[in-house]
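Nothing in this text is a laboratory measurement; each read-out follows from the coordinates by a stated rule. Just so you know, these numbers come straight off a predicted model, no measurement behind them. Virtual Cβ from ideal backbone geometry, glycine too; neighbours counted across all protein chains shown.
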Amino acid sequence: MFSHIAITAFISSSFSSQYVGATNAGLIRGAYHFAHPDSSSGATQAKFFLAHGGGWSADGITLPGALDIEYNPNGAECYGLTAAQMVAWIHDFSNTYQAATGRFPAIYTTTDWWTTCTGNNSGFGSTNPLWIARYASAIGTLPAGWSFATFWQYADSGPNPGDQDIFNGDAAGLKRMATG
């Protein structure tokens, strides 16, 4: 289960109850940060995320945080950044997160957004787990640099509450991801 934190002024009012609820239910859980590259630097947003529940520890129940980077819901699709600026912003967030936790964040995105807004940059596949969003019966083409997705969000509704996601592995593999 992932709970939501965004930019540097918003924390979901449901975050704490969802995070604690997932822990109490015995679920492996984590948090995600909805990026707004047009509002502040990647480092600033990573530090906010870390200070407000987005951290990671090798406790076996906390997944590394996820950077939700996708089409801007309120403006320019790539937040007014060039592909090179976007890649630099993602590196800034990712490296700041890694320096603080020892782990790189997962990157949640779509292949279409990644291709459009980063120029299909291949520089994150060896460090950052991929959480691909594609509402379809097959996962489809992945962004450059990744040979597999760690998580696949395949629908926005279904038998479970909220979005429908699948981990590419077994329970032991998810536990290893949470342990480090």
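Of note:
- Mean residue ellipticity (222 nm) of the chain, computed from DSSP H runs ≥ 4 via -39,500 (n - 2.57), nearest 500: -9500 deg cm²/dmol
- Counting other Cβ atoms within 10 Å as a rough exposure proxy, the listed residues GLU77, GLU70 run GLU77, GLU70 from fewest neighbours to most.
- Gyration tensor verdict on the chain (Cα atoms; rounded if a/c is under 1.5, prolate if a/b is larger than b/c, oblate otherwise): rounded
- Global geometry of the range 38-137, whether rounded, prolate or oblate, following the gyration tensor of its Cα atoms and the 1.5 cut on a/c: prolate
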